Ligand SMILES: Cc1cc2nc3c(=O)[nH]c(=O)nc-3n(C[C@H](O)[C@H](O)[C@H](O)COP(=O)(O)O)c2cc1C
């Protein structure tokens with residue numbers, strides 16, 4: 001298996017797949033990597049659905065502006081965030097777990113760094129708009145864990161975030177509207193070799209100088 005650094009360097013978006021299926025033990029390892037991702041307030045909102053059925057992949061392709069690699073990939077992972085994890089009851093539960101672990105301060109209702117007493121993230125019930133943006137940000141972290149693990153195990157992936165008609169995805173799989181589709185990952189063995197690296201900004205371009213005066 002590749003190291004984290006090797007996988008980061010090796011990963012490319014793959015849009016041409018061989019038809020070989022993805023072994024279950026590799027999928028299991030990918031979901032284990034996703035499961036261990038960090039999340040705000042340890043809410044772990046990510047949920048995953050594995051799709052191999054051709055008709056369902058065709059439908060997903062249509063719902064993603066006809067991006068054909070979605071129907072051609074042997075496996076498509078539909079990634080959701082669970083809005084229920086942002087409701088007050090779940091918030092109380094995850095907060096209590098963190099209090100018991102000594103990570104959160106039970107008196108102030110704020111998360112604190114152990115020994116520092118520094119407020120981090122509030123724990124009140126969130127506005128829907130805020131909950132949706134947290135849900136997406138946290139789920140994306142888990143998805144990238146999954147993607148890097150796939151790369152480390154020799155598989156190709158491509159993120160897809162442009163999903164039109166989110167409700168249509170839930171209807172297709174008869175899911176409740178607490179599950180918000182946030183992305184798909186097309187998955188399989190790359191056909192046609194490793195593509196060259198895609199351009200990136202230089203380190204100078206991504207760094208901002210702190211103004212000290
Ligand atoms: C959140 C996200 C959404 C993306 N959505 C799409 C997509 O809908 N279709 C697609 O072909 N590629 C998609 N990509 C892949 C990007 O186009 C790709 O990461 C970028 O061009 C850099 O290429 P690389 O991944 O090979 O380094 C997405 C990537 C991310 C991280």
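Only the coordinates and a few stated rules stand behind these numbers; no lab work does. Quick caveat: nothing in here was measured; it's all calculated off a predicted structure. As a convention, Cβ positions derive from the backbone with ideal geometry for all residues, glycine included, and neighbour counts pool all protein chains shown.
Projected over all directions and averaged, the alpha-carbon convex hull of the range 124-185 occupies 5.2 nm². Extension gain for residue 92 to residue 68 (0.36 nm times residue separation, less C-alpha to C-alpha distance): 4.3 nm.
For the range 61-89, list residues with backbone N below 13 Å from a point placed 7 Å from the Cα of residue 168 toward its Cβ? The answer is 61-67, whose backbone nitrogens lie closer than 13 Å to the label point.
Applying 0.36 nm per residue to the separation of residue 84 and residue 191 and subtracting their alpha-carbon distance, the gain on full extension is 34.6 nm. Return one number: the angle in degrees, 0 to 90 and rounded to the nearest 10, between the long axis of the Cα atoms of helix 54-63 and the longest principal axis of the Cα atoms of the chain. Relative to the chain, helix 54-63 is tipped by roughly 60 degrees.
Comparing mean-square fluctuations of 65, 92, 203 from a GNM of the chain with C-alpha springs under 10 Å, the top value falls on 203.
Please determine, in degrees from 0 to 90 and to the nearest 10, the orientation of helix 128-152 with respect to the longest principal axis defined by the Cα atoms of the chain, where the helix direction is its Cα long axis. In the chain, helix 128-152 runs at an angle near 50 degrees to the longest axis. Rounded to two decimals, the Cα radius of gyration of the range 1-43 over 2.2 N^0.38 Å is 1.48. Taking 1.567 mPa s as the viscosity and 4 °C as the temperature, the Stokes-Einstein diffusion coefficient of the chain based on its alpha-carbon Kirkwood radius rounds to 68 µm²/s.
Compute the long axis of helix 88-100 from its Cα atoms, compare it with the longest principal axis of the Cα atoms of the chain, and write down the angle in degrees, 0 to 90, nearest 10. Its long axis makes an angle of about 70 degrees.
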